[in-house]
Every structure is written in structure tokens, then in C-alpha cells.
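Here the structure comes first, spelled out in C-alpha cells, and everything after it is commentary.
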Amino acid sequence: MAQLSNKIKEYCKANGVSDVDFLEDVKLQDDSNGQGVYIAEWNLDIAQPTDAQLASYETVANTAEANAQVDATRKQAYGSWNEQLDEIFHNIDAWKARIQTVKDNNPKG
Amino acid sequence: MAITKIQSESLNLSDNYDFTGTVTGAGGVMTPAFCAERNGDQGISYSVRTTVKFNNEIFDSSNAYSTTSGTFTPQVAGKYYISANCQLTSSQNDILNYSFIELYKNSSVVTESVHNNLNNPGKIDNHTVIAIVDMNGSTDNVSIQAFINVAAGGYTAAIRDMSTFQAYKIIE
């Protein structure tokens, strides 16, 4: 199940808000009492979504989470910028081939 | 015999005094006091303020800490030294953007500890908060909230095992 924050991000994106600050724009709260996460404050100009509206973003949020996980895996496999710059300096074609292999091994949904 | 007055010239401060009775009206006690820890990780959703449940009491002199709600509600009015230490972690390296913990008195933040790793995301942040808080001895309570922001979705985040929360009343 997708995180509530990601479903809200997708809802906001679909309604013209590209970036959500979860410290100011939307405050989510979990009182650790078994009731789960809820929206404690909604400070965006667009309407606060209903539970049903948020549920409709489950699939797209799951895909976004999976792709973000792929991004993180790729980033680790790419290595640091300075290591890559050194690779490029010595053999740019070998570097391109290695990067392509990382992408092929970690496809996005 | 109750001593009502001691004049400095009648008390040799270099002497030893061996009391066999009870001395009252001196000193004080540093209770209520408690110490609790996380026993096992507490998973949390990212970008969500989450009440930390320190679920294992090391001691609790006055039954004032609730492992169910994570709140300390002492029934003696006074000033309390309160501290907490929390280790917040993501399940993956290089994705922990920022995190914080906040010490709440009732619904207001007293103090917080913030780590900002946006330029170099990591995996684990250690936080400590300390404050002296005036408590009314009936309804006032304190608790700890934690927040984690990660760069990538799909991973888990947690408040680590052995994070601690403790308090004691100071002698006034």
C-alpha cells in the first residue's frame, strides 16, 4: 500500500500543484494509537482530498514509489560523481556501456 | 529538640556531626521520575509527525508514564528535567534527506532537534532533545514526535531500538 504522503503528492500533481511541503503545506500525523496516518492540517489552495479521492491514487502512487526505489538503486550502482568523471575521462564509451547496463538491469515501471 | 536557630559562632564547620535522629525540612526528592526505551524498532511513515512509543519502562517511580500513549503525565506540580534520544533511520543508504524530533508539552512544541542532509542524504540520524518544563501536576503531559523525509518512496523508515525518553522532577 502506498504511503499517504505519496498519494497526496499525486493528487496535488493532478490538480496543478507540483511540489508539496509536508512541513508547511500539508501536515500529516500518526498518534501511534492504531488509527493510522491522517491529515492534521491542509494549507494548500486546492481542496483537501476525500478518502475516496486519495484511494483513487493508490496505483499511480505505488508506481511512483517503485520507480523512486529504482532510482535509488541506480544511483548506488552509478557510483559517485567524481568516480564517474574519472571513468569518463579515461574511457567515455566504457562508462556509457556501464550506465546502460545499470539502467537495463533496473527498469522502471 | 528542634533547632530553631544556629549562630555561626556556635557551629564549627570543620567538625563532624553524627545525627541519630531524623533531619527534616532539608534536601528533597527527585521524583516523580521515569525512564523508558524503545524495545524493537518502531516503523514510521515518512513525511508524517509520529508519536514515539517508548514501549519498555526501565523504571517509573509514580506510574506517570504510559507505554500505550507515549506520554509522561506527572501528578506532582513542579519543574521537570526532560530528555530524549532517538535514532531515526531509513532502510536504504543515501536517501534520508532530513529528520527531526520534537518534545511536546500538551500540543505545543517545547524544543526540537533537526538534521538536514539535503546536500548529502544519509541513512541514520541521531537526535537529542533536553528541556526543563513546568508541569501543573494534573493534566500537563510531555511526549516525543518524530519526522523523517526521504528522497525515494517505497522504502521503510523507523525509530530505532534503544531510543530513550526520561524525566525527573528537579528539587526547587
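The values are calculated or read from the model by the stated rules, or taken from the named source; none is laboratory data. Only a predicted model underlies this, so the values are computations on that prediction, with no experimental measurement involved. Because the Cβ atoms are built from the backbone with ideal geometry, glycine has one as well, and the counts that use them run over all protein chains shown. Quick note on the areas: whole protein, heavy atoms, side chains included, nothing else; ligands and nucleic acids left out. Shrake-Rupley method; radii C 1.70, N 1.55, O 1.52, S 1.80 Å.
So here's what we get for this one:
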item	result
Enumeration of residues in region A:27-76 that are of a type in the set (A, V, I, L, M), more than 14 Å from every other protein chain (Cβ to nearest Cβ) and closer than 21 Å to B:Phe147 by Cα	A:Leu44
Residue check for A:Asn82: at the interface with chain B (Cβ under 8 Å from one of its Cβ atoms) and surrounded by fewer than 16 Cβ atoms within 10 Å (Cβ to Cβ)	no
Selection count where residues are surrounded by 16 or more Cβ atoms within 10 Å (Cβ to Cβ), part of a loop (DSSP other than H, G, I, E, B) and among the aliphatic types (A, V, I, L, M), scope region A:18-36	1
Residue check, B:Ala157 surrounded by 22 or more Cβ atoms within 10 Å (Cβ to Cβ) and at pLDDT below 95	yes
Test for B:Ser66: is it closer than 30 Å to A:Ala77 by Cβ, within 14 Å of chain A (Cβ to nearest Cβ) and either open to solvent by 30 Å² or more (accessible area, probe 1.4 Å) or at pLDDT below 95 (or both)	no
Yes/no for A:Ser5 being assigned to a loop (DSSP other than H, G, I, E, B), at the interface with chain B (Cβ under 10 Å from one of its Cβ atoms) and hydroxyl-bearing (Ser, Thr, Tyr)	no
Matching residues in region B:120-139 - criterion: being buried (at least 16 other Cβ atoms within 10 Å of the Cβ) and over 30 Å from B:Thr89 (Cβ atoms)	B:Met135
Out of B:Asn97, B:Asn93, sole residue that is open to solvent by 10 Å² or more (accessible area, probe 1.4 Å), in contact with a strand residue (DSSP E or B) (Cβ under 8 Å, 6 or more places away or on another chain) and closer than 17 Å to B:Gly43 by Cα	B:Asn93
Test: residue in region A:60-75 that is hydroxyl-bearing (Ser, Thr, Tyr) and surrounded by 12 or more Cβ atoms within 10 Å (Cβ to Cβ)	yes
